[in-house]
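A quick write-up on the structure given underneath.
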Amino acid sequence: MSVVWATAALGLVILLLAAVHVPLGDYMARVYSSPRHLRVERWLYRATGVNPDAEQSWRRYLGGLLAFSALGLLAVYALQRLQAWLPGSLGLPAVEPSLAFNTAASFLGNTNWQSYSPEATVGLTVQMAGLAVQNFLSAAVGLAVAIAFVRGLSRRGEAGLGNVWVDLVRGTLRLLLPIAVLGALLLLLAGVIQNLNEPTTISTLTGAAHALPGGPVASQEAIKMLGTNGGGFFNANSAHPFENPNAFSNLVQILLVLIIPFSLPRTFGTMVGSRRQGVAILAVMSSIFLVSYALLTWAELSGAGAAPQAAGGAMEGKEQRFGIIGSTLFATTTTGTSTGAVNSMHDSYTALGGALPLLNMMLGEVAPGGVGSGLYGMLILAIVAVFVAGLLVGRTPEYLGKRIGRGEITLASLYLLVTPTIVLLGTALSFGVPALRESIEGTSILNPGHHGLTEVLYAFTSAANNNGSAFAGLTANTPWLNWALGLAILLGRFLPIVLVLALAGRLAAQRPVPVTAGTLPTHTPLFQGMLAGVTLLFTALTYFPVLALGPLAEGTL
Amino acid sequence: MSAPVIDSPAQGGVPPEPERPTSGGDSQPQRALGARALWAALPLALRKLDPRRMWRRPVLFIVELGALLLTALAIAEPFLAPSETATPIPGGFTWAIAAWLWATVLFGNLAEAVAEGRGKAQADSLRKTRSETPARVLATSGAGAWDRSADPAGRRATLEERASSALTIGDVVLVEAGDVIPGDGDVVHGVASVDESAITGESAPVVREAGGDRSAVTGGTRVLSDRILVRITSTPGQTFVDRMISLVEGAARRKTPNEVALDVLLATLTLVFLVVTLTLNPIASSVSAPVHLAVLVALLVCLIPTTISALLSAIGIAGMDRLVRRNVLALSGRAVEAAGDVSTLLLDKTGTITYGNRRAVGVNPLPGVDADEAWSAAVEASLADTTPEGRSVLSLALSDGPRTASALAHAALGGTPAAVALGEGAGTEADAHPAAPEGASGAAGDAAPSGLGRLTGSPVAFSATTRMSGVDRRDGSALRKGAGSAVLAWLDAAGNAPEAGVRSALEAEVARISAQGGTPLVVAEQGADGGGRALAVIHLKDVVKTGLPQKFAQLRAMGIRTVMITGDNEVTARAIAAEAGVDDVLAEATPEDKLALIKQEQAGGRMVAMTGDGTNDAPALAQADVGVAMNTGTSAAKEAGNMVDLDSDPAKLIDIVAIGKQLLITRGALTTFSIANDLAKYFAIVPAMFMGVFPQLAALNVMGLSSPASAVLSAVIFNAVVILALIPLALRGVRYRAVAASQLLGRNLLVFGLGGVIAPFVGIKLIDLVVSLLPGF
């Protein structure tokens, strides 16, 4: 019976995405390719002194992006530090520096890792003016980088990658904002709260006093999901009934997360002038997503372990209103993208089940990945796959007519090197340096041993891959984890972006090689299989030992 | 899969290569790798262990560092307190791992040493030709200074004796019969036959003469007859032979762009695995005792792509070697790689697509003329025609003509039909130089005129004004053969204009043959009495070499466009192109047209390969991505190209492409194999590392290896032995099939990807069965 439900829920999501991804994908291609500016956009450009029609080299594009992000980081940090003096702070004090840095980095990097409990830490102003704004902007940054990279692939011997300001403005105004408004209305319809109330105190049945929080939740929730951000308005995130009250709102949230990442391959195909290339990328993303979902659902339904057996189902840490399938689909969705939202506690999953959200992130979040970052991550993997495949057919490898030479493969390889290094180094430092280990084992970890290792590994994986999903069970609000994870987020976000834009610049400057029978076709099922294989093999080879010590050792106990 | 296989030297089943005297008898490379070759390469492999040389191969250098570290540890271990580790370590374990790591490095060096060793034999014999030769330089100053205009042959000039190593560019040297040419240069005066077997392996001497496209001579070759003046064009140490030596020895080998790109990817993988191993112990410390250092180093060595890194340079050297064995000299490794990427092939029609000359393929009688008469007239009219075209009419009559004509042709050829075959088979070189010593073709050409008088009257040679040739018979009648319009004019002039029916039939036939790209020749007769008539139309055509359409179809499947270059007019060119199956033609091509075509193709992102020999080909050769100069060509052409074909066979371009592709495929295949191997090694080592503390991880021991120590050692042994096992494949190259890219990918992924995943599971298990017999393992 549960298998039927699992399939039905998935089927519904697939059906809706299948209907939407073509028009939305083409709409995004138009948004980023159109030479026309809206009046409000022109007004914005004039006000900021930007020439929207100037083409930028990859260096200038990157420079704009970094400057913009640095300002964002500073703004969110300042808002938190100055909270005590801000209106709408609900009487909350200033956030302490390491936590403020961690939170600023986290929302800037589209990660939304939350070392804090929002109800007890940030007031309405920080939530709305700081965090929600970054939810929009960090998503727009991811989209801009992806689009710039696609332009690199599609342009023929040009120096420019487009204009970063135009891409950011259009992504926000023409794409994220309208869909977010629509999403917020749907969520309101589903019963998500939307107000500016201070906490309401009620007395419970047992007579105890209980403070019920209020807030502009529906509007925050929509962009939290749509931008693959994931930072909850409340500590319980999407498990909280005010954020995600029922199965319908759960479905809306899942769709909001997946809608842009699964439509971007279409945008890519349209922009490079070969839709089947987009279909190929979509196929690889979908296959990995489906297999991951199937495995996670199987692991949870079979409920290995003493507690689930006794309870008659692996329901620990899951909400009754979502059930196992509503939880596993949500977990696969959020960790397969870079959404940190949870509607169940991954920490309480079965040992092998808990490994799957972790694996989704370790794959580099490419199935389908965060807004923008999923597409460029997958395209980088495609370039590496093409390099090996090209050699296998006796040609200097080329992707979409662009030769993958020394410079290209250097940048792509470094991209792949970044996150595993951050994850493994961060985890190793946490246990290898005695002082840090004391903090980790004394304060952070709830369950020492394999599970504790998995919790720390999960935290660094989540941060470096800009997911934000927490395994729970880990107290992350310590100076070491705040600083280390904040740094991991920034490096994990911006080093790849630098490499991706540099690569885009190189590719844009190349004139494409014409396609012949000797050209390796990159849309065939064979190549799709190879791309999926490269993705899985690279991840497996990198993380096998630590996974063996963590979830595998625990799961085979 | 029964795809056609493009001939390449690695695969056997190719036409026998000429035995190269320079190759030191090592003419069967594919079988040469026995224990003896490995043994012979061992000293060099040992010398390569020097860290100053090793660091250039970073992956192997890491293995060597690991070996050093473990050797030190093995020595120190008895004096250290036993450390608490997750894996039980038997005595001698560190020694065993260290020894096999040394073996891994050694095997990697061996691969390179064997590849280099195979070139060394060739280089040694080449070096002998470079031995000091005294050169006689024409003085340019002083009393006996050479004045070229007054004394072109330099007979009065003073000669200075100088060592060949002291020559400079511009020196003019005198070389006489029996002398070794002291350096590369151009003949500025005289003609000589030269023995170039030291370079080309071809024993027949060739003619070298001043001016024209055959003026280049190579240092180290020997003049057999006559006397020539040679202007030196390269400084000693940079001559053709010098370059050839450094090439076959691998000394001049620089990493090619693609090899560098692959190096980057391998270095990145190495870095990832370095991070994985370095962070393992700190992470493991949270749950268990640390991993023993020897196990950690073993894990690292097994994960980093040692297999491909060990074989990479051998693959490159062997690829170059395969070209050299095909008598092609690539002047840069980049060119070999570019050959694999070529998407447009420019092929000269003459010599590559067609035989050198037109040949008669039919004699068509005109209305009212019986076949016997028509054929006999055609033969008779051709008796005086000593060009290969004329000869071909005779040989056609001999094989296809009616009896009388056949007998006539037989008689005309002096009763030696074999001579006909010789005469037309020879290249243009023989025809242009009847006195050339290199073939009997000249003699065959002379045979016909001598038989002529015996048969008929006096020959009338072809002239540009009449555009006809033929015979004036003793009885006053005359036979003419020539272009339709010329022969008709000849008949008309004598008032013998053919009647309308015959005329229209003749014109139709001429038009038909022309439309097919052939050349029609009309044969007509005028009697002594003044009467005359047209008898037949001979169909001459360019004969396309056999097997070409299939070869071009293969090229098309590989995604390579072929363009035929010819001086012919468009119609003729198109017809031949259609017959040969080339994709496009460049008709009435001038050297400028060629250059423009190459630039246009390159602007579209295509890579162009071409062959050439003349000085006017030089710009195009230089512009092409792969420019193969013929060894018979001028030194300007040889300088401009990036490959030289010592056999001067333009059709070899196709093989060069296949070799280029084979080189890349071998690299890709072994990379894939190397990385795919890692999965099995993980399943051997990871459970072994932690099973002692977490017995549940035995579930990951899917191979059922007997003990943790044995599992680790077996993985290391497999990792080393697989290098040795793959050396022959690296040297031979992976078989290349001319099929579409996706098919090729599917096949190679299956063999090297899937095979690379499965093979080590089997291999490690087998090794484990042996290792487990050791005490303690």
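The values are calculated or read from the model by the stated rules, or taken from the named source; none is laboratory data. Since the model is a prediction, treat every value here as computed from it, not as a measurement. FYI the Cβ positions are ideal-geometry reconstructions off the backbone, even for glycines, and counts take in every protein chain you see. Calculation scope for accessible area: heavy atoms of the full protein, side chains included, ligands and nucleic acids excluded. Shrake-Rupley method; radii C 1.70, N 1.55, O 1.52, S 1.80 Å.
Below are the figures for this structure:
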read-out	value
Criterion violated by B:LEU346 - all others in (1) of a type outside the set (Gly, Ala, Ser); (2) in a strand (DSSP E or B); (3) at pLDDT below 85 satisfied	(3)
Residues of the stretch B:165-186 satisfying the condition of being open to solvent by less than 20 Å² (accessible area, probe 1.4 Å) and over 27 Å from the mean Cα position of the chain (by Cα)	B:LEU167, B:VAL172, B:VAL173, B:LEU174, B:VAL175
Residue selected from the stretch A:533-546 under the condition open to solvent by less than 20 Å² (accessible area, probe 1.4 Å) and in contact (Cβ under 8 Å) with a residue 60 or more places away in the chain, by the criterion nearest to B:PHE273 (Cα to Cα)	A:THR542
Odd one out for B:GLN238 among (1) within 28 Å of B:ASP647 (Cα to Cα); (2) modelled with pLDDT of 80 or more	(2)
Test: A:PRO52 is outside any helix (DSSP H, G or I) and without any contact (Cβ under 8 Å) to a residue 60 or more places away in the chain	no
Checking B:SER285 against (1) open to solvent by less than 50 Å² (accessible area, probe 1.4 Å); (2) in contact with a Gly (Cβ under 8 Å, 6 or more places away or on another chain); (3) touching a residue at least 40 places away in the same chain (Cβ under 8 Å), the condition it does not meet	(3)
Residues satisfying the stated conditions in the stretch B:493-517, i.e. closer than 24 Å to B:VAL460 by Cβ and assigned to a loop (DSSP other than H, G, I, E, B)	B:ALA494, B:GLY495, B:ASN496, B:ALA497, B:PRO498
Qualifying position, being more than 29 Å from B:VAL187 (Cα to Cα) and touching a strand residue (DSSP E or B) at 6+ places or on another chain (Cβ under 9 Å), among B:ASP568, B:ASP613	B:ASP568
Output for the stretch A:65-114, where each listed residue is farther than 20 Å from A:GLY227 by Cβ and assigned to a loop (DSSP other than H, G, I, E, B)	A:LEU82, A:LEU86, A:PRO87, A:GLY88, A:SER89, A:LEU90, A:GLY91, A:LEU92, A:PRO93, A:ALA94, A:VAL95, A:GLU96
Test: residue in the stretch A:157-178 that is among the aliphatic types (A, V, I, L, M), within 22 Å of A:PRO23 (Cβ to Cβ) and open to solvent by 40 Å² or more (accessible area, probe 1.4 Å)	yes
Flag if B:LEU744 is open to solvent by 30 Å² or more (accessible area, probe 1.4 Å), within 14 Å of another protein chain (Cβ to nearest Cβ) and touching a residue at least 60 places away in the same chain (Cβ under 8 Å)	no
Looking only at the stretch B:652-710, and only at residues there that are open to solvent by 10 Å² or more (accessible area, probe 1.4 Å) and hydroxyl-bearing (Ser, Thr, Tyr), the one that is nearest to the other protein chains (Cβ to nearest Cβ)	B:THR672
Qualifying residue in the stretch B:251-264 (condition: open to solvent by 10 Å² or more (accessible area, probe 1.4 Å), assigned to a helix (DSSP H, G or I), basic (Lys, Arg) and more than 10 Å from every other protein chain (Cβ to nearest Cβ))	no
Verdict on A:ALA140 being of a type outside the set (D, E, K, R) and at pLDDT below 95	no
Single residue of B:ARG243, B:ARG231 found to be part of a helix (DSSP H, G or I) and over 16 Å from B:THR632 (Cβ atoms)	B:ARG243
Residues (charged (D, E, K, R) and either surrounded by 24 or more Cβ atoms within 10 Å (Cβ to Cβ) or touching a residue at least 12 places away in the same chain (Cβ under 8 Å) (or both)) located in the stretch B:368-399	B:ASP372, B:GLU373, B:GLU380, B:ASP385, B:GLU389, B:ARG391
Among the residues listed as B:VAL276, B:VAL297, the single one being part of a helix (DSSP H, G or I), more than 13 Å from chain A (Cβ to nearest Cβ) and either among the aromatic types (Phe, Trp, Tyr) or open to solvent by less than 20 Å² (accessible area, probe 1.4 Å) (or both)	B:VAL297
Identity of the residue in the stretch A:358-394, open to solvent by less than 10 Å² (accessible area, probe 1.4 Å) and facing chain B (nearest Cβ under 8 Å), that ends up farthest from A:ILE288 (Cα to Cα)	A:GLY394
Members of the stretch A:539-556 found to be polar (S, T, N, Q) and more than 7 Å from chain B (Cβ to nearest Cβ), listed by number	A:THR539
3 or more residues within 14 Å of chain A (Cβ to nearest Cβ) and surrounded by fewer than 22 Cβ atoms within 10 Å (Cβ to Cβ): qualifying helices (runs of 4 or more DSSP H) within the stretch B:523-641	B:548-557, B:591-603
A:LYS402, sole failed condition from (1) at the interface with chain B (Cβ under 9 Å from one of its Cβ atoms); (2) buried (at least 23 other Cβ atoms within 10 Å of the Cβ); (3) modelled with pLDDT under 95; (4) closer than 27 Å to B:THR344 by Cα	(1)
The lone exception for B:VAL328 - which of (1) in contact (Cβ under 8 Å) with a residue 12 or more places away in the chain; (2) out of contact with any Phe, Trp or Tyr (no Cβ under 9 Å at 6 or more places or on another chain); (3) open to solvent by less than 10 Å² (accessible area, probe 1.4 Å); (4) within 14 Å of chain A (Cβ to nearest Cβ) it fails	(4)
Selection count, the stretch B:337-360, where residues are among the charged types (D, E, K, R), under 17 Å from B:MET643 (Cα atoms) and away from every other protein chain (no Cβ under 14 Å)	1
Within the stretch A:444-492, tally of residues that are open to solvent by 30 Å² or more (accessible area, probe 1.4 Å) and polar (S, T, N, Q)	3
Tabulated pairs, the stretch B:148-173, first outside the structural domain of B:HIS189 (by TED's automatic domain parsing), second surrounded by 15 or more Cβ atoms within 10 Å (Cβ to Cβ), C-beta under 7 angstrom, 6+ apart or interchain	none
